[in-house]
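Taking it in order: structure first as structure tokens, then the write-up.
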Amino acid sequence: MTILVTGGAGFIGSNFINEWIEQVDEPVINLDLLTYAGNPDNLREIAGSPQYLFVHANICDGERVGELLDRYEVRALIHFAAESHVDRSISGPQSFVQTNIVGTSRLLDAALPHWRKVSDFRFLHVSTDEVFGSLEPDEAPFVEACTYKPNSPYAASKAASDHLVRAYGQTYGLPVLITHCSNNYGPYHFPEKLIPLLINNAISGKDLPLYGDGRQVRDWLYVADHCRALRMVLAEGKPGQTYNIGGSAERQNIEVARTVCAVLDDVRPRQDGRSYGDQIVLVRDRPGHDRRYAVDTTKLRTELGWEPLQNFDAGIEKTVRWYLEHPDWVASVTGGTYREWVARQYA
Ligand SMILES: NC(=O)c1ccc[n+]([C@@H]2O[C@H](COP(=O)([O-])OP(=O)(O)OC[C@H]3O[C@@H](n4cnc5c(N)ncnc54)[C@H](O)[C@@H]3O)[C@@H](O)[C@H]2O)c1
């Protein structure tokens, strides 16, 4: 049998596939459109593996997806493909509607007839804690049963796709699993996102911009811990169930920035002897910016025995070192269309 991964050339998908090929003896097909966020270079180490097949396609092309599911007798579809950047969803929501909502519905339609032939088929939908909205400082972390209150167009598009996935489970009996993960960090993270942006701006001598007062709280999870949780949910999760995944590592953005700067001060000190922390600047807040996210992972821990293995400070150090060791990767993904987008944002 085979698994089909969508969006496997992106940040989390490529980490997932690299680990899958290393740890699991089962072929994997990676269906990816290679948008600005998708980079085949993330998978260069496994590109020649007989276990790996790359298919350049759009998740909205349901016919193509259906053909792949049947031809390769796919037993599980792990759905990462998405437009994933909140800022981009504010300046241009339509591609989020198209990929995250329409794309997911096309995958579900393709999966339905296939599942009727492959009865132990699973559809694993990788979603986010952002669908639950924002927490007050003293509120308990989100549990799986929390009400959806998405605030950004990105979160709303993911919420809509979650509802479709759930509905295909309820209405047709498709064996679906949904995960809600908190903020990930680690290798191959596109440098528009906070942690790689801080690292790259710092060593390029640029400002380290933080929205508003920099006190927004996110619950950080090292990407390998997310990938391991997904393998466990796929293997042992109950169809129709949702699972929260999070690092229990709540940090204010300003704390994250200071941690990154402290590592850089240690491993690549500034030539003028000052701290990278001096480059931190507060900028105008993002509209509708959620104040705090945090997830309660009791269900995943008690039912499936998962727990995060990477602690935050050591994970950040590992991540900073990875970016310092991979300047060519950073240069390749931040050229072309990314530069044009940044120029438009800050014009
Ligand atoms: N990054 C996080 O912290 C985080 C946290 C929780 C959940 N998630 C979810 O995990 C998934 C992966 O996130 P990521 O950070 O790796 O995203 P990413 O932006 O790094 O990668 C997205 C991938 O999807 C591909 N893609 C986009 N549109 C496509 C289309 N129409 N057809 C086929 N491929 C397409 C891109 O080429 C890219 O390879 C997303 O669904 C996201 O909502 C991410």
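Table for the structure above
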quantity	calculated
Gly247 being within 28 Å of Phe123 (Cβ to Cβ) and either touching a Pro at 6+ places or on another chain (Cβ under 6 Å) or not basic (Lys, Arg) (or both)	yes
Single unsatisfied condition, His114 versus (1) over 20 Å from the mean Cα position of the chain (by Cα); (2) free of Cβ contacts under 8 Å to residues at least 40 places away in the same chain; (3) surrounded by 18 or more Cβ atoms within 10 Å (Cβ to Cβ)	(2)
Members of segment 1-19 found to be at pLDDT 95 or above and either in a loop (DSSP other than H, G, I, E, B) or open to solvent by 10 Å² or more (accessible area, probe 1.4 Å) (or both), listed by number	Thr2, Gly7, Gly8, Ala9, Gly10, Phe11, Ile12, Asn15, Asn18, Glu19
Which listed residue is among the basic types (Lys, Arg), within 16 Å of the ligand (Cβ to nearest atom) and open to solvent by 30 Å² or more (accessible area, probe 1.4 Å), from Arg228, Arg215	Arg228
Selection count, segment 30-67, where residues are away from the ligand (no atom under 12 Å from the Cβ) and either among the charged types (D, E, K, R) or touching a strand residue (DSSP E or B) at 6+ places or on another chain (Cβ under 8 Å) (or both)	9
Positions within segment 264-302 being of a type in the set (Val, Ile, Thr), open to solvent by less than 70 Å² (accessible area, probe 1.4 Å) and in a helix (DSSP H, G or I), in sequence order	Val267
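Yes or no, residue by residue, for (1) closer than 20 Å to Thr242 by Cβ; (2) touching a helix residue (DSSP H, G or I) at 6+ places or on another chain (Cβ under 8 Å); (3) away from the ligand (no atom under 13 Å from the Cβ):
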| position | (1), (2), (3) |
| --- | --- |
| Arg75 | no, no, yes |
| Ile78 | yes, yes, no |
| Ser84 | yes, yes, no |
| Ile90 | no, yes, yes |
| Phe96 | no, yes, no |
| His114 | no, yes, yes |
| Phe123 | yes, yes, yes |
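The values are calculated or read from the model by the stated rules, or taken from the named source; none is laboratory data. Computed from a prediction, not measured in an experiment: that's the story for all the values here. So basically every Cβ, Gly included, is an ideal-geometry build from the backbone, and we count neighbours across all protein chains shown. These area figures cover heavy atoms from the full protein model, side chains too; ligands, DNA and RNA do not enter into them. Shrake-Rupley method; radii C 1.70, N 1.55, O 1.52, S 1.80 Å.
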